[in-house]
Structure formats: structure tokens, C-alpha cells
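Structure first, then comments.
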Amino acid sequence: MSLIAAAAAATAAQLAQAYVESPLVLALVAAVTAALTLAWQAQEQERAPARRVVAHAGAILLAVACALACTRAAVAPAAADHVVALLDGASSSTREWRFEARVADVAPRGPGGTRWLVDAVSLDDPEPRSLHGRMQLYVRMNVPPVSVGDRVRFRGRLRRITAFGNPGELDWVGWNARRGVFVSVFVWNGGDIDVLADDAVTLGERVGKLRARVTAAAAADRGRAGALVAALITGERTLLGEADARAVTVAGLAHVLAISGLNLSLVGGGVFWLVRRALLETWLARAGVDIARGAVLAGVAATLAYTAISGGGVSVARACLMAVVAGGAVWEGRRGTGLSALGAAALAISLAMPGVAREAGFQLSFAAVVAILAYGTALGRRRRKPAAIQGAIELSLLCWTVSTPIVAQHFGRVAIYGAPATLVTAPLATAIVATGLSGAAAVAAGLAPLGAALFSIGAWAAEALLRVAHVFAAMPAAELRVVAPGPVATAAATVAPLSLLLEGHKQRAVAALTLVIITVSAIVAVQDRYRADRLDVHFLSVGQGDSTVLHLPGGRIAVVDAGLPGRGAMVVAPFLRRERVRRIDYLIATHAQDDHAGGLPELLDEVEVGELWTAAGDCGVESFARLRETARARGAAIVDVGAAELPVRAGNGWRLAALWPRDPQGACDDNDRSVVVAIEFAGRRVLLGGDIEARAEAALVGAVGASGLDADVLNAPHHGSRTSSSASYVAATSPQVVVASAGQGNRYGFPRIETRDRYLAIGARFLTTAADGAVHVRIDERGGLGVRTAAR
């Protein structure tokens, strides 16, 4: 009982930590959660009043202590031979280091290159010396083929891992810290990376090489089916093609690719059954020896071994810990409960990885198991048991309805056919895992021909699963893009389906409460989304690049640029989902440079776009021309700024107008052809200047006049470079607040000190996304100006 209450309280406190920083408030959340959990459990158990009081008080104290421990910050190791020590407290190193490391994981290639997770082995400084600690290694181009367990040598500068600095974004720092990663290193050309000969020495290195060997054997000459078998057995997803991975996700089968309870139950349970069955036939059984304990040891050992080979992850850790707890119950000769095992797993993971409860993987994994356990309990109360197919349908629907709100909150997607797709593919997934695990065991034992035969059987099932995934993904409205429901509505919508498993007045009370919460949350969200009494300007932090989101009074949305390729999907689109935006009314591409327009195509994939504004004239940049064609094909109106007249849009007291270019000349990626826009509301003006430099600034001042450029809030042109923000432009605009969009430690030195000093000299407040994170400017209906920064 204490374990379950502590786990529930620790989880609640970690979720609350995203919105509350006070330890006292978090402790109160933990105590209330623990008390509610104990009250619910007390109905299931009879206990003397005195003992119950003592047990409840102890459980609440344990829950509060665990909650505070779970919400502590992950601290980087202080050992002198850890990679973090090379930074000596700085955010990045001033010199390049030559590392030797072991590849621990390889992520699928993204827009900015490939990301490896590597374990440091040694460092040339200039003499070789031992080093340890994990690093994120980013390789931009010419990526060499490597497998998990390979040893590599490379040279690069270290950088402390930081978040972009946008409100509500993924806690990238915490996510990495919970996995022991605090630094990253970047290599531009993968041709400079040396892949060394295999010389695995440590147990971890040998496990990595075994995982690589099993992956290669599973995928060998089996095409996409072999890639899926490898993904389900070793967690190696880089071999799976983009089209297949996309089909699996759209069909609502992403959980199929996650190694979790199915895999570990087949490993641990299979070994337990085999060993126990074998010992039953021996003289041990005849001698009266308890053979269950031997089978438990074998099953737990197999589970731990497979957990190590599979590459880990929250779902794997949860399944492994539950298996260990269940094995302990069998060892002691008692019958454990699934809820107790789940509570123990949740508490252990929370203590080991503070803040993990805020991650989608944790929430999805534990919510699904809670649904399964709740369904099993409800099934036990039924007088008439359903047929097997009916039970499978009910469980599939329950798991889908429980997980869908969490997926919508974190990823902004709903897979409509997730339940039937899971029901159809469950036998295929079981067959793949069963034959794949047997094949992996054969390969590990040196029986390669047997392993190949088993992998081939699994590949047949994998091919069938992929075909089913493509069928469901191609069905009408297979995937809906949705806005984030918000944490309160997500929690209520997740609990709501479970209320159907309750009885009588409990079911009605929980259902009514969740319905009220969801309804109130929806009303508040809609009211906030379409309010007409303020203008919100969000200067997003997208690294070395530029992106601004304008929430215009009355609900219209304008987005100016989206940063480098990848930033649209990684930063801007998630921000829009959190702001409950499904349509961009005015998408403005200032000019055809990647740090401004690179992420815009990703927004076209995520949301509906009404108008796309670009400078008039032909463009020789292929990606930019393709952006215009894609927007036109998807129904967006193309607005050519400067072709005849400068566009102006207005409504609800606001005015959005393009001021430049008036007669576009030169290449479309020239800085001076940047689209300059002004937004006016309640007597205030916000001016966004793209990358214009001194020549265009002078021409703009001459064309508009000083009074036409007077601004309260200004986005410093060209990220605050020395060739922009000329004295005449600064004097003409005379802003109160200046924001320079730039990346941390960027190689250009933006914003330049002399540029900042020019704005400070006129009394302006100077902010930069590199240091301050995202900057939120709010102008109310009375002209009040408020500025908030996302503290890093």
C-alpha cells in the first residue's frame, strides 16, 4: 500500500513541477495524492483502525519524501575524468579535443544530420588518457556506416547541452541528464571520423557488439521486413525506411516499435517455464525440492540480460522492474499484484530519473499498463466472461482511448484507426517477437543457421504487419492533426475511459467529474485563443535563425520565418500546438536563406496556411521555389510583396503591413530583399526587419520617413550584425524593446557588441534569444506593454 501511494505521489509531484517550483507546494501535492490513493485502497482492505492510521501516516510521509527526491535536478558528475570536466564550468570548449569513444546508439537521420550517442573511452591531451561519460555526437554530412558497439575516433569542440529556451518545450536538458548525457560534440564532415577495429573489452562493449551482431543477422538480406524484425528485437530503428516508419505511426502502431512488456514477458516467462518444466522431470522434483526459485532466478536473469541488449528505455525499465518484483513474490511463495509491481517500478524509475514522469514515454507506458490491470480487475467481477475476441476488442479500445489524449498532448496527432490496427497486428507482432527472440538466442549461442531460419519466419510476419500498417495509413482521415488539449484536459480525458470499469455511483461520479473538467478546460481554451483585447508577439528561440509568431487580436495568426531546416517541426509547430493553433493565416518568408525559410516547409506539413508572403520576382533557390509551389498546391494564396503594392491586412483594431521591399532587385536570398513587416495595435508598433542591412535600412527610412518607422518593439535586423542597425535606422525606429534572434555561441558573434551599444545608447532594453530564450511581448487594449523571457 505504501509503495503504490508513494509512486502515485511522486508521479503527481513531477507533473506539477512543470508549473510549480515551490517545494512546499510539491510536498502538498504529494501528500494529497498519497491520501487519495490510500483512501481508495482502504476500500479494498480490512485493517484495525490503529494500524490503519499508522500505515497511512507512514505512507504519506514516504510519499512526500519520495516526491521531493524525485523532483530534484539531475547534476552533472564532478569526476575529473568525466567529459563534463573538460568544460571547466563553461558552456562550450575553446579548443578541439580528439576523442575515442564507443557507439551506444544511432538515431535515424534528421534534417540537420545524424545523431549518435557515444561513450567516451579516451582522450588525446596530447597524450592518451582515460575518459568516461556519454556524449551526443552530431554528424552533419558524409556519415560513415557504424553499428552500436563500434569504436570511433573523432575531433570536435564540446558544448554543454541546453534547451532552445521556449515556454512549454521538451525539457531537452532534463531528458538527456536523466540518461547521463550532459555534453554534445559536433562533427561537420563524417569523413573525418575513423571507425576503428573491433576490440571490445568491457562487459558493456561486448553487450553492444552482441546487439550489433543480432541486428545485422536479423536484417541481413530481408529488406524492410528484416529492418522491422531488428527494430522489435534490439530497438535498432535506423534501418527502417522513412515510408514504413511513417505508415506505422499514422496507423497508430508506433507502440509496436517500442520494446516493452511483450518482449520481456516472452523472455522472462519463457525461460521461467522452460526451466521449471525441465526441473520437474529431474530428481529434484522427486526429492521434494522447491524448483520454483531456480526457475525464478533463470527468468529474472534472462530478463535482465535482454534489458541490457535491447538498449533500455522507460518502457523496458518498467517491464523489467515489474518482472523482478513478480519474481520476488514467487520466490517468497506469495502471490503479488500487478498494481504493487507497477507502483514499485514507477517509484524506482522516478527516483533514478528525476522528472521522468513528464515524458511521453513514461505516461504512455504506465497508462497502458494501468488500463490493462483495471480491465483485468473489472473482468474478474463479471459474472459472464466475454469471448476471447470480444475481450481483445474491448481491451484494444480501452488502451487506445486511454493513450490518445497523451499522444495528442505531446505530439499533436490522433491515429483514428489505432484500436483496430492494433487488434489485427497483435498476433503478427507476437509472432515476430517470439521468433526473433529465439533467433537472437541462437545467434548469441553461435547457431547462426538456426538463427537465420527463425529470423526468416519472423520476416514473413513482419512483411504482413507492414502491409497492414500501410493499408490503415492509407485509409481516409487515418491521422488527425490536433492542438494540445492541455495538461488538465489530458489528465481528465485519460481517466475518463477507466471510469467505465467502475460500478454504480462511482462510475457516474467519476464520469461526471471528468466531463466537467474537459468542458471547462475547452471553454477556457477557446476564450483565450480568440480573445480580442491583446496582441501577443513571440520571438521564438530557434538557434541561429529567426522565427516570430504573432497572435493577433481576435485569433488570427501570423508566422514570420521558421529558422533552419528541422526547426519548423522541432520548435515552431510544437509551440503552435501548445497555443492551440491549427491554421496560420499569414505565413511570411522574409527571404530565401535557410536560417529564416528553412523550417517553413515543415509548417505546411503540420498546419493549414491561408496566405504565403514572399518578395516578388523569380527565385533561383530551388528549396524556396518549391516552398511556393507546395503552398500553392495546398490551397494557400501566394502574396508577392512589392510586385504592385505592399499588402496590408487589418481587423479588430490591428494592422499588419509589409513595408519592404518596394521594388525587389537582386537574388532572392539577398539580405536586402528581406520582407519587412509592421504590426500596429492600441497605438503601439512592432517592426520585424528580417536580414536587411545598412543600404536597405537607409532606403526604407527614405521611403517611409522617420515617423513611419517609429517602433515600440523591434526585431534587430540580421540578428544584430555590425552591418545592420545603422545609426540612422536606430534613430528612426527609436524602440523601447529590441530583440536579437541568434543562437548560443554562434560562430558569427551575433549580436555584435557595437550593435547592442547603439540601442542601449537610446535607452532601449536589449534582449537576445541566445541568452534570454524566447521573448514574449504583450500589448493590451490600452497600449500597455509587457515583456517576459523564458528563463534558461
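The values are calculated or read from the model by the stated rules, or taken from the named source; none is laboratory data. Please read these numbers as outputs of a predicted model, since none were measured by experiment. Backbone-built Cβ (ideal geometry, glycine too); neighbour counts: all protein chains shown. Surface accessibility is based on the protein's heavy atoms, side chains included, excluding ligands, DNA and RNA. Shrake-Rupley method; radii C 1.70, N 1.55, O 1.52, S 1.80 Å.
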task: Scan segment 712-741 for residues that are farther than 21 Å from R673 by Cβ and in contact with a helix residue (DSSP H, G or I) (Cβ under 8 Å, 6 or more places away or on another chain) and report the count.
output: 6
message: Of everything in segment 759-792, what is open to solvent by less than 70 Å² (accessible area, probe 1.4 Å), outside any strand (DSSP E or B) and farther than 26 Å from D171 by Cα? Give them in sequence order.
response: Y759, G763, A764, G783, G784
- request: Hey, can you tell me all the residues within segment 689-748 that are more than 20 Å from T614 (Cα to Cα), open to solvent by less than 30 Å² (accessible area, probe 1.4 Å) and acidic (D, E)?
  value: D712
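Can you confirm whether segment 514-532 contains a residue that is within 18 Å of A790 (Cβ to Cβ) and open to solvent by less than 20 Å² (accessible area, probe 1.4 Å)? Break it down into steps so the answer makes sense when it comes.
The initial filter retains those residues of segment 514-532 that are within 18 Å of A790 (Cβ to Cβ), namely none.
No, segment 514-532 contains no residue that is within 18 Å of A790 (Cβ to Cβ) and open to solvent by less than 20 Å² (accessible area, probe 1.4 Å).
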- line: Apart from one, (1) more than 19 Å from V195 (Cα to Cα); (2) crowded, with 19+ Cβ neighbours inside 10 Å all hold for L170; the odd one out is (2)
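Would you say G412 is at positive phi, open to solvent by less than 60 Å² (accessible area, probe 1.4 Å) and not β-branched (V, I, T)?
Working: at positive phi: yes; open to solvent by less than 60 Å² (accessible area, probe 1.4 Å): yes; not β-branched (V, I, T): yes.
It is true that G412 is at positive phi, open to solvent by less than 60 Å² (accessible area, probe 1.4 Å) and not β-branched (V, I, T).
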- request: Tell me which residues, restricted to segment 377-397, are surrounded by fewer than 10 Cβ atoms within 10 Å (Cβ to Cβ) and within 17 Å of E503 (Cβ to Cβ).
  value: G380, R381, R382, R383, R384
- request: Out of L515, L454, report the one residue that is among the aliphatic types (A, V, I, L, M), over 25 Å from H410 (Cβ atoms) and assigned to a helix (DSSP H, G or I).
  value: L454
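Can you confirm whether W460 is within 16 Å of A478 (Cα to Cα) and open to solvent by 50 Å² or more (accessible area, probe 1.4 Å)?
On the way: within 16 Å of A478 (Cα to Cα): no; open to solvent by 50 Å² or more (accessible area, probe 1.4 Å): yes.
So W460 does not fit the description; no.
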message: Looking for something surrounded by fewer than 20 Cβ atoms within 10 Å (Cβ to Cβ) and in contact (Cβ under 8 Å) with a residue 60 or more places away in the chain - is there at least one such residue anywhere in segment 637-648?
response: no
field: Any hit, segment 406-418, residues being part of a helix (DSSP H, G or I) and under 30 Å from A217 (Cβ atoms)
entry: no
- line: Of the residues in segment 469-489, those that are among the hydrophobic types (A, V, I, L, M, F, W, C), surrounded by fewer than 17 Cβ atoms within 10 Å (Cβ to Cβ) and not in a loop (DSSP other than H, G, I, E, B) come to V471, L480, V488
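A quick yes/no check of all residues on (1) buried (at least 21 other Cβ atoms within 10 Å of the Cβ); (2) touching a Gly at 6+ places or on another chain (Cβ under 6 Å); (3) in a loop (DSSP other than H, G, I, E, B); (4) at pLDDT 75 or above:
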position	(1), (2), (3), (4)
D198	no, no, yes, no
R206	no, no, no, yes
V248	yes, no, no, yes
V267	yes, no, no, yes
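Tell me, please, whether a residue that is closer than 22 Å to H718 by Cβ, open to solvent by less than 10 Å² (accessible area, probe 1.4 Å) and either touching a strand residue (DSSP E or B) at 6+ places or on another chain (Cβ under 6 Å) or at pLDDT below 95 (or both) can be found in segment 602-612.
Initially, segment 602-612 is screened for residues closer than 22 Å to H718 by Cβ, giving none.
Looking through segment 602-612, none of the residues is closer than 22 Å to H718 by Cβ, open to solvent by less than 10 Å² (accessible area, probe 1.4 Å) and either touching a strand residue (DSSP E or B) at 6+ places or on another chain (Cβ under 6 Å) or at pLDDT below 95 (or both).
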task: Quick one: T11 ticks every box in (1) surrounded by fewer than 22 Cβ atoms within 10 Å (Cβ to Cβ); (2) among the hydroxyl-bearing types (S, T, Y); (3) modelled with pLDDT of 75 or more except a single one, so which number is it?
output: (1)
